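Enquirer: Mind having a look at this structure? Questions to follow.
Values in this text are rule-based calculations from the coordinates and carry no lab data. All values derive from a computational prediction rather than experimental measurement. Backbone-built Cβ (ideal geometry, glycine too); neighbour counts: all protein chains shown.
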Amino acid sequence: MAANIIAYGGTFNPLTNAHVKLIDMALEAIKDSIVVVIPTAQKFMKTWKKMDGTSIYDDAFRLQLLKAVVQPMDRVVLSTVELEGITYRTYDTLAHLQSLYPTSTIWWMCGDEKCDELLNWYNGQALVETYHFLMFTRISEDAKTYFMDHPQLLPYQHQFTFIPKVEQIESISSTNVRNAIVDGNWDYVDHVCPKIVADALRKKGAIA
């Protein structure tokens, strides 16, 4: 069993090369680790992210793409715990992973923009006290500067590890992919998505 379990939750709506690159970076940064990819349920995207149905690929399609690209990757596990409704809040999801990997250190990986929200999340205090965080930061920012900008997290700084974002993936987003599909800009889709994803998106077309 790996010493470190890195949870990577997200909508993956759809999966892009940026998602895949972040997984690779996490595995490189945290030794003796596996990444557990956890897609968010469609119903939660509607209630929490306030996304309407025309902006969301359904659970089955997003899972299909993840199975095709992520599941075959070395040291990567795909979890449907949130799709199945077993958990949907980050604290509960990490607690669930801890129950499955009781001797491992559990991590949550995300962008540094989430830091301002962490203590306000469900069970936020216990979240930052109990689990570790792999944060992708702006390229020019170091950890010392980061905690000066986020003093509320200073008492928990030992729980955080920082990785500079890769400049090439900064402009890649699932939103841009969805917009490109609507515009018929398949060159962009082919450029920023794994081929198997781009092919599936071309076949499916824009979200109805």
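Enquirer: Please report Thr93, Thr47, Thr130 as a ranked list, fewest other C-beta atoms within 10 angstrom at the top and most at the bottom.
Expert: Thr47, Thr130, Thr93
Enquirer: Of Thr11, Cys115, Ile23, which is farthest along the charge dipole of the stretch 4-168 in the positive direction, counting Lys and Arg as +1 and Asp and Glu as -1 at C-beta?
Expert: Thr11
Enquirer: Apply the Karplus parameterisation 6.51 cos²θ - 1.76 cosθ + 1.60, with θ equal to phi minus 60°, to every residue of the stretch 76-92 and state each ³J(HN,Hα) to the nearest whole Hz, in sequence, with x for glycine and proline.
Expert: Taking θ as phi minus 60°, the curve returns 10, 10, 9, 10, 9, 4, 7, 4, 7, x, 5, 9, 8, 9, 4, 4, 5 Hz for the stretch 76-92.
Enquirer: Using modelled backbone amide H atoms (1.01 Å from N, in-plane), which distant-in-sequence or interchain residues come within less than 5 Å of Ile163's amide H?
Expert: Correct list: Met135, Phe136, Thr137.
Enquirer: Also, quick follow-up: Let a ≥ b ≥ c be the square roots of the eigenvalues of the Cα gyration tensor of the stretch 35-102; is it rounded (a/c under 1.5), or, if not, prolate (a/b larger than b/c) or oblate?
Expert: oblate
Enquirer: Would you mind giving the three semi-axes, in whole Å and largest first, of the ellipsoid equivalent to the stretch 4-168 according to its Cα gyration tensor?
Expert: 24, 18, 17
Enquirer: Which one, Pro164, Val182, Gly124, is farthest towards the positive end of the dipole of the chain when Lys and Arg carry +1 and Asp and Glu -1 on their Cβ?
Expert: The Cα lying farthest towards the positive end belongs to Val182.
Enquirer: Report ³J(HN,Hα) in whole Hz for each residue of the stretch 126-137, in order, from the Karplus equation J = 6.51 cos²θ - 1.76 cosθ + 1.60 where θ = phi - 60°; Gly and Pro get x.
Expert: Those phi angles translate into 5, 4, 6, 7, 9, 10, 9, 10, 9, 10, 8, 10 Hz.
Enquirer: Over the chain, with a Gaussian network built from C-alpha contacts below 10 Å, which listed residue (His191, His150, His19) shows the highest mean-square fluctuation?
Expert: Per the Cα network of the chain with a 10 Å cutoff, His150 tops the list.
Enquirer: Next up: Using modelled amide H (1.01 Å from N, peptide plane; none on Pro or chain starts), what sits under 5 Å from the amide H of Ala7, excluding residues fewer than 5 places away?
Expert: Amide H neighbours of Ala7: Val36, Trp107, Trp108, Met109.
Enquirer: With θ set to phi - 60° and the Karplus curve 6.51 cos²θ - 1.76 cosθ + 1.60, what are the ³J(HN,Hα) couplings of the stretch 105-113 in order, to the nearest whole Hz, using x for Gly and Pro?
Expert: Karplus-based 3J(HN,Hα) across the stretch 105-113 equals 7, 9, 10, 10, 9, 6, x, 5, 5 Hz.
Enquirer: In a GNM of the chain with a 10 Å cut-off on Cα contacts, which of Trp48, Trp121, Trp107 has the highest mean-square fluctuation?
Expert: In this elastic network of the chain, the residue with the biggest mean-square fluctuation among Trp48, Trp121, Trp107 is Trp48.
Enquirer: Which lysines, if any, have their Cα less than 18 Å from the Cα of Lys165, not counting same-chain residues under 8 positions apart?
Expert: Within the straight-line limit of under 18 Å, Lys165 reaches these lysines: Lys21, Lys114, Lys144.
Enquirer: Turning to a different aspect of this structure: In what order do Ser173, Ser99 fall by count of nearby beta-carbon atoms within 10 Å, going from fewest to most?
Expert: Ser99, Ser173
Enquirer: Where does the chain land at 222 nm, in deg cm²/dmol rounded to the nearest 500, when only DSSP H runs of n ≥ 4 count, each adding -39500 (n - 2.57), divided by all residues?
Expert: -11000 deg cm²/dmol
Enquirer: Less than 13 Å Cβ to Cβ from Val81, Lys/Arg counted +1 and Asp/Glu -1: what total charge do the surrounding residues give?
Expert: -3
Enquirer: Further, regarding this structure: Around Tyr91, with a cut-off of 15 angstrom between Cβ atoms, what is the net charge of the other residues, counting Lys and Arg +1 and Asp and Glu -1?
Expert: Values: positive: Arg89, Lys114; negative: Glu82, Asp92, Glu117, Glu129.
Around Tyr91, the charge tally is -2.
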